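As C-alpha cells, the structure follows; a few thoughts come after it.
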Amino acid sequence: LFVKQKTAYELAQRLVGSEMCIRDSYRFLFYYGFLIDNNKKNAVYLKLRFNKDDPSMSKKEQLLGISHGYHIKTFKYFHYFGENEKTNNKFLGYLRLIVFEGDVNTLCQYLDPHVASLKECKGGRRKLRLTPISKENEKKALAKMKEIAEDRLSKFPETYEQDLTKLREDGLSFNTRNVLIYRSGEKLIYLLMKRMAEAGINSLVTGKKADDVVPEYECYFKKTVNYLQSLSAQPKTRIPLPC
C-alpha cells in the first residue's frame, strides 16, 4: 500500500482501534507503508541463547530437542504484558530455563508434550511452558531480562528522549518521521523491560508487595511477583500460575 504523506497521516488518525492496528510496527510498516504513534500492539524480536559457560547447556538442549549450539530461538516480546500475556510469558519461561541451576530433569514436567525424564526426550523440538520456579530463579531471570534490555539500548546512537524531541520538530520528512516512530517504539519496550525487571527484583528482595507499577506490567506483578512473595521456600512440584 503506497500512500502520500498527507494521506498517510490522515489514515493514521482514523486507524486507531481498527483491525489494521493489530500489528507490531515492523509488520505495520511492511504491509501498509507507514507507522502510527503509540502503537500498543508494538513488539520487538529477541533472539535468546544459552550462556556459553553453562555446565547444564547440553541437558537443556536435550530438554528442548535442539542442537544449534547455544542458540534457542527468536521470540516476539510485546509492549503491553497484560494484553499479550501468553506470548510474553513464553519469553520469560525460557529466561527461567537459561538461568536455571538445578537438576534439569525436574523441568520435564513443564514440557509440551510432557515426559517423565530426559531419557524420554528423543527426536523433535519440544515446547516449554516454564512457570515461576522460585524467588531466586525469578530474580535471575529478571536480571537476564534487564541485561538484554540494556544491551539493546546501548546499541542505539541516541536516547528515547532525544527521539521524542525530534518527533516534535516541524518539517520532518515522511521517511524520517517513520524511522523515529519505529526506533523510539523499540526503545520504549526495552526501557519498560528494564523498569519491570528492576521493580520485580526489588520486590522479591525486599518482600514488599508490588502494588505501584506501570500499567503495562501490572498483570505480571499481580500474577507472578506477588504470588512468589507467598512462597517460603523453593517448591518441589510445578507451580500453577494463579488466574
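Regarding ALA143, is this residue hydrophobic (A, V, I, L, M, F, W, C) and closer than 23 Å to LEU228 by Cα? Full working, then the answer.
Working: hydrophobic (A, V, I, L, M, F, W, C): yes; closer than 23 Å to LEU228 by Cα: yes.
Criteria met by ALA143.
Residue by residue through segment 163-211, note down the ones that are open to solvent by 70 Å² or more (accessible area, probe 1.4 Å), outside any helix (DSSP H, G or I) and closer than 30 Å to THR224 by Cα.
LYS208, LYS209, ASP211
Determine whether VAL99 is in contact with a Lys or Arg (Cβ under 6 Å, 6 or more places away or on another chain), in contact (Cβ under 8 Å) with a residue 40 or more places away in the chain, open to solvent by less than 30 Å² (accessible area, probe 1.4 Å) and more than 30 Å from PRO215 (Cα to Cα).
Numbers: in contact with a Lys or Arg (Cβ under 6 Å, 6 or more places away or on another chain): yes; in contact (Cβ under 8 Å) with a residue 40 or more places away in the chain: yes; open to solvent by less than 30 Å² (accessible area, probe 1.4 Å): yes; more than 30 Å from PRO215 (Cα to Cα): no.
Against the criterion (in contact with a Lys or Arg (Cβ under 6 Å, 6 or more places away or on another chain), in contact (Cβ under 8 Å) with a residue 40 or more places away in the chain, open to solvent by less than 30 Å² (accessible area, probe 1.4 Å) and more than 30 Å from PRO215 (Cα to Cα)), VAL99 does not qualify.
Tally up the residues in segment 57-71 that are touching a residue at least 24 places away in the same chain (Cβ under 8 Å) and surrounded by fewer than 19 Cβ atoms within 10 Å (Cβ to Cβ), please. Steps first, answer last, please.
Filtering segment 57-71 down to residues touching a residue at least 24 places away in the same chain (Cβ under 8 Å) leaves 59-60, 62-66, 71.
Narrowing further to those that are surrounded by fewer than 19 Cβ atoms within 10 Å (Cβ to Cβ): 59, 62, 65-66, 71.
Number of matching residues: 5.
For the structure I just gave you, tell me whether LEU153 is closer than 23 Å to LYS41 by Cα and either surrounded by fewer than 19 Cβ atoms within 10 Å (Cβ to Cβ) or not small (Gly, Ala, Ser) (or both).
Values: closer than 23 Å to LYS41 by Cα: yes; either surrounded by fewer than 19 Cβ atoms within 10 Å (Cβ to Cβ) or not small (Gly, Ala, Ser) (or both): yes.
Yes: the conditions hold for LEU153.
What tally of residues in segment 150-200 results from selecting those that are aromatic (Phe, Trp, Tyr) and modelled with pLDDT of 90 or more?
Number satisfying all stated conditions: 3.
I'd like to know if segment 118-129 contains one or more residues that are under 18 Å from LYS73 (Cα atoms), basic (Lys, Arg) and in contact with a Phe, Trp or Tyr (Cβ under 7 Å, 6 or more places away or on another chain).
Residues of segment 118-129 that are under 18 Å from LYS73 (Cα atoms), as a first pass: 123-129.
From the residues that got through so far, the ones that are basic (Lys, Arg) too are 125-127, 129.
Now restrict to residues that are in contact with a Phe, Trp or Tyr (Cβ under 7 Å, 6 or more places away or on another chain): 129.
Looking through segment 118-129, at least one residue is under 18 Å from LYS73 (Cα atoms), basic (Lys, Arg) and in contact with a Phe, Trp or Tyr (Cβ under 7 Å, 6 or more places away or on another chain).
Identify the residue in segment 216-235 that is in contact with a helix residue (DSSP H, G or I) (Cβ under 8 Å, 6 or more places away or on another chain) and at pLDDT below 75 and, among all such residues, is surrounded by the most Cβ atoms within 10 Å (Cβ to Cβ).
Filtering first and then ranking leaves GLU216.
Only residues that are surrounded by fewer than 16 Cβ atoms within 10 Å (Cβ to Cβ) and under 13 Å from ASN105 (Cα atoms): list them for segment 117-135, please.
First, the residues of segment 117-135 that are surrounded by fewer than 16 Cβ atoms within 10 Å (Cβ to Cβ): 117, 119-120, 122-125, 127, 129.
Correct list: SER117, LYS119, GLU120.
The values are calculated or read from the model by the stated rules, or taken from the named source; none is laboratory data. Source: prediction; values computed, not measured. We place every Cβ from the backbone using ideal geometry, glycine too, and count neighbours over all the protein chains shown. Keep in mind that these areas ignore ligands, DNA and RNA; they rest on the heavy atoms of the full protein, side chains included. Shrake-Rupley method; radii C 1.70, N 1.55, O 1.52, S 1.80 Å.
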